[in-house]
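Okay, so here's the structure we're looking at.
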Amino acid sequence: STSSSYSQCTNYTQTVTYLNGPTASIRTDLYVTGWGPHGVNNISGQIYDLNTGTLVTPESVLGISSSELRSQASSAIKTFLASNPSDISSTAELNSLIDDIVADSTRYYLTDYGLVIITRPYELGSYAYGSHDIVVQSNSDEHPVGSKVTLQE
């Protein structure tokens, strides 16, 4: 007998978001469903050193400490929330969640316009509030810190 009560990935997309010299970055988007009303996107980022073929941290690429990265990412998410308030969560509720998000190294990826952090559905609001890719460090006036980016740009 077969059972459909477990989660399954029904869509898998990997996009190269940055390629410059020995540094490459990839954004992975999995759509996972348990066959209920809707599934969820599980999005992650990776940064690679092509000379060694190894995964590297955003801190090492940017030459900053982990605490600096977390502080910048937290500030960027809060800037985003100031313009796009959560539909269900208070600022106080979000502060501890933001700490967990920015500490997760799988949330970061590079683009030509800067370093981006990923938030997932249900983290900053309801499912309908969605996931967001937020600029943490910007190389572009078009994409300031705290703005949302999409890969279609």
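The values are calculated or read from the model by the stated rules, or taken from the named source; none is laboratory data. Treat the numbers as computed from the prediction; the structure is a model and nothing was measured. Don't worry about glycine lacking a Cβ; one is built from the backbone with ideal geometry, like all the others, and counts go over all protein chains shown. Surface accessibility is based on the protein's heavy atoms, side chains included, excluding ligands, DNA and RNA. Shrake-Rupley method; radii C 1.70, N 1.55, O 1.52, S 1.80 Å.
Residue by residue, here is whether (1) at pLDDT below 95; (2) crowded, with 18+ Cβ neighbours inside 10 Å; (3) among the acidic types (Asp, Glu) holds:
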position: 46; (1), (2), (3): no, yes, no
position: 66; (1), (2), (3): no, no, no
position: 71; (1), (2), (3): no, no, no
position: 95; (1), (2), (3): yes, no, no
position: 101; (1), (2), (3): no, yes, no
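Here is a list: 79, 52. Which entry is over 26 Å from residue 20 (Cα atoms), open to solvent by 20 Å² or more (accessible area, probe 1.4 Å) and modelled with pLDDT of 95 or more?
79
Residue 113: closer than 25 Å to residue 37 by Cα, among the aromatic types (Phe, Trp, Tyr) and touching an Asp or Glu at 6+ places or on another chain (Cβ under 8 Å), yes or no?
no
Give me a count of the residues in region 1-44 that are over 30 Å from residue 125 (Cα atoms), surrounded by 11 or more Cβ atoms within 10 Å (Cβ to Cβ) and not aliphatic (A, V, I, L, M).
2
Provide a single number: the residues in region 72-100 that are over 12 Å from residue 134 (Cα atoms), in contact with a helix residue (DSSP H, G or I) (Cβ under 8 Å, 6 or more places away or on another chain) and assigned to a helix (DSSP H, G or I).
4
Only strands (runs of 3 or more DSSP E) wholly contained in region 1-70 count here; list those with 1 or more residues that are among the basic types (Lys, Arg).
Output list reads 23-33.
Go through region 103-146 and report how many residues are within 13 Å of residue 75 (Cα to Cα), part of a loop (DSSP other than H, G, I, E, B) and either touching a helix residue (DSSP H, G or I) at 6+ places or on another chain (Cβ under 7 Å) or open to solvent by less than 20 Å² (accessible area, probe 1.4 Å) (or both).
Counting residues in region 103-146 that are within 13 Å of residue 75 (Cα to Cα), part of a loop (DSSP other than H, G, I, E, B) and either touching a helix residue (DSSP H, G or I) at 6+ places or on another chain (Cβ under 7 Å) or open to solvent by less than 20 Å² (accessible area, probe 1.4 Å) (or both) gives 2.
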